[in-house]
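Report on the structure given below.
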Amino acid sequence: MNISRGTSRRTSRGISAKIAMIGLAAILSITPLAYSSASTAAAAASSSTTQSNIKLVFNGQEYSPSSAPLLHKGAFYLPLRDIGELLGSVVFWNAKDHSVTMTYPNRIVKVKLNASSATVNEAAVKLNAPVIVRNGRTFVPIRFFSEAIGAGVEWNAAKKTVSLSQQPIYVKGGSVNTTIWLNKNTGDVYFAYPFETKPKRIGQLNTDIKELASINVYSMPGTQQSYVLTVEDNYGEPHVHTNVYTALMNGDEIIRQSKAYYFQRYEKNAVFDHDGNAVLTDGKLLSIVDAEGQIVEEYDLPQLTGKDENHSVLAAGSSYLLIRPNLSGHLTLIDLKDNSATLLYQQFLSGQEREYAELNDVPYHGDQLVFLGENVDGSLQFENRSPFNANNQKYTFKLN
């Protein structure tokens with residue numbers, strides 16, 4: 001066992017508060033816009049378009065778009081990106097046919113630039129306001145795109161406010177070139193790859209969403225059609241409960257899933273092990289699963305730590321596990337050669353830092369050690385996020 005120390009300037013302090021806004025989270029990919037200079041100049045010169053001093057409210061909360069709503073011939077407009085983020089949809093521009101497409105579970109809306117009609121799920125719909133270009137950006141009519149996916153729109157002339165209301169049914173997320181939606185009421189999952197394609201229903205998660213939910217999707221290394229989905233639902237007052245749902249997707253279906261519950265302290269579980277297999281846990285049983293859903297390894301976490309608690313899995317290496325019992329809170333290294341357990345704070349900390357790790361219970365029990373990653377020589381890098389000073393101590397641990 002080898003331990004070395006170093007010092008670095010602290011970059012963050014404490015535990016960040018979780019914030020999740022339904023329908024406004026995750027990554028939104030937008031194809032770069034391209035127009036002829038002539039058409040752009042002509043559009044920008046239109047005297048019928050004005051920059052409005054209009055407030056935009058979404059589900060009772062004021063929303064600040066990247067550009068203020070435009071008023072054009074009696075209709076209010078927003079940029080593509082804003083309307084997509086606001087409604088939890090994917091909106092993108094196709095430069096080849098000058099069309100705008102918006103995708104959403106069970107809904108695809110398409111309209112061409114300056115057209116008088118659009119299609120909603122391939123059915124023709126007459127437009128009262130066309131898509132326009134102003135200063136090189138595409139603007140879409142707020143009312144049409146909102147109502148096309150079931151959102152309500154109201155105009156209050158006295159308050160100069162456009163109000164949108166949308167039942168928060170879906171949680172949206174994604175990653176590079178992918179988009180995913182979770183129906184909070186039914187657990188149905190819709191997936192789009194590439195991001196602009198029609199969303200497909202890939203299955204149902206056994207979820208019971210309480211409050212602040214977010215969803216993410218991760219491509220399994222070395223595969224083309226396997227992904228790991230994670231849903232985190234933070235709830236209660238003051239948000240001390242977290243349910244974590246993890247699922248393995250292969251092709252167009254969900255083939256495995258798990259749920260873990262954490263009280264007060266929650267650290268994101270590892271998504272993949274050192275070989276790129278999926279990491280699924282219910283807090284007590286850790287399952288390492290390959291892309292086809294076959295179990296590669298399983299570990300009884302309470303047996304390994306001697307703590308009958310739910311555990312976070314911070315890393316699954318070739319010869320080790322890094323896990324943290326949720327209630328006692330001490331980061332534990334499991335050497336898989338002999339299943340021995342090492343409490344890392346006892347290796348690294350002394351004085352008041354060690355006393356804090358052993359006795360502190362606010363905001364939760366345990367140490368403030370953070371795993372930074374594995375070095376090229378196989379040693380493990382950690383940092384202590386000290387509650388006493390701004391200088392975080394770094395530590396290196398090497399298995400024998």
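The values are calculated or read from the model by the stated rules, or taken from the named source; none is laboratory data. The structure presented is a predicted model; accordingly, all values stated were derived computationally and were not measured. Cβ coordinates were reconstructed from backbone atoms using ideal geometry, including for glycine residues, and neighbour counts include every protein chain displayed.
When the test is whether a residue is under 18 Å from Ala291 (Cα atoms) and either outside any loop (DSSP other than H, G, I, E, B) or in contact with a Cys (Cβ under 6 Å, 6 or more places away or on another chain) (or both), Tyr218 passes it. Taken over region 196-215, the criterion of being outside any strand (DSSP E or B) and of a type in the set (Val, Ile, Thr) is satisfied by Thr197, Thr207, Ile209.
Filtering Asn128, Asn185 for residues that are surrounded by fewer than 22 Cβ atoms within 10 Å (Cβ to Cβ), modelled with pLDDT of 95 or more and in a loop (DSSP other than H, G, I, E, B) leaves a single hit, Asn185. When we screen Val279, Val296, Val289 for residues that are in contact with a strand residue (DSSP E or B) (Cβ under 7 Å, 6 or more places away or on another chain) and surrounded by fewer than 16 Cβ atoms within 10 Å (Cβ to Cβ), the only hit is Val296. If the condition is being closer than 16 Å to Asn269 by Cβ and hydroxyl-bearing (Ser, Thr, Tyr), then region 208-226 contributes Ser214, Tyr218.
Looking at this structure, is Ser226 under 15 Å from the mean Cα position of the chain (by Cα), polar (S, T, N, Q) and modelled with pLDDT of 95 or more? So Ser226 does not fit the description; no. Before we move on, is Ser165 within 29 Å of Glu122 (Cβ to Cβ), surrounded by fewer than 20 Cβ atoms within 10 Å (Cβ to Cβ) and in contact (Cβ under 8 Å) with a residue 60 or more places away in the chain? Yes; evaluated as a whole, the condition is true for this residue.
In region 376-394 there is at least one residue matching the filter, namely being closer than 18 Å to Ile334 by Cα, assigned to a loop (DSSP other than H, G, I, E, B) and in the same structural domain as Thr332 (by TED's automatic domain parsing).
Restricted to region 68-94, and to residues that are under 28 Å from Ile215 (Cβ atoms) and small (Gly, Ala, Ser), which residue is nearest to the chain's Cα centre (by Cα)? That would be Gly88. Any residue that is in contact with a Leu (Cβ under 8 Å, 6 or more places away or on another chain), surrounded by 15 or more Cβ atoms within 10 Å (Cβ to Cβ), over 27 Å from Arg201 (Cα atoms) and not basic (Lys, Arg) - is there at least one of those in region 98-114? For region 98-114, residues in contact with a Leu (Cβ under 8 Å, 6 or more places away or on another chain), surrounded by 15 or more Cβ atoms within 10 Å (Cβ to Cβ), over 27 Å from Arg201 (Cα atoms) and not basic (Lys, Arg): present. The residues listed here are Gln264, Gln225, Gln204; of these, the one that is closer than 30 Å to Leu331 by Cα, out of contact with any helix residue (DSSP H, G or I) (no Cβ under 9 Å at 6 or more places or on another chain) and touching a residue at least 24 places away in the same chain (Cβ under 8 Å) is Gln264. The residue that is surrounded by the fewest Cβ atoms within 10 Å (Cβ to Cβ), counting only those in region 306-323 that are over 23 Å from Gly276 (Cβ atoms) and in contact with a Lys or Arg (Cβ under 9 Å, 6 or more places away or on another chain), is Asp308. Are any of the residues in region 352-371 under 28 Å from the mean Cα position of the chain (by Cα) and within 21 Å of Asn277 (Cα to Cα)? Scanning region 352-371 turns up at least one residue that is under 28 Å from the mean Cα position of the chain (by Cα) and within 21 Å of Asn277 (Cα to Cα). Taking (1) surrounded by 18 or more Cβ atoms within 10 Å (Cβ to Cβ); (2) not in a strand (DSSP E or B) in turn, Asn234 satisfies each apart from (2).
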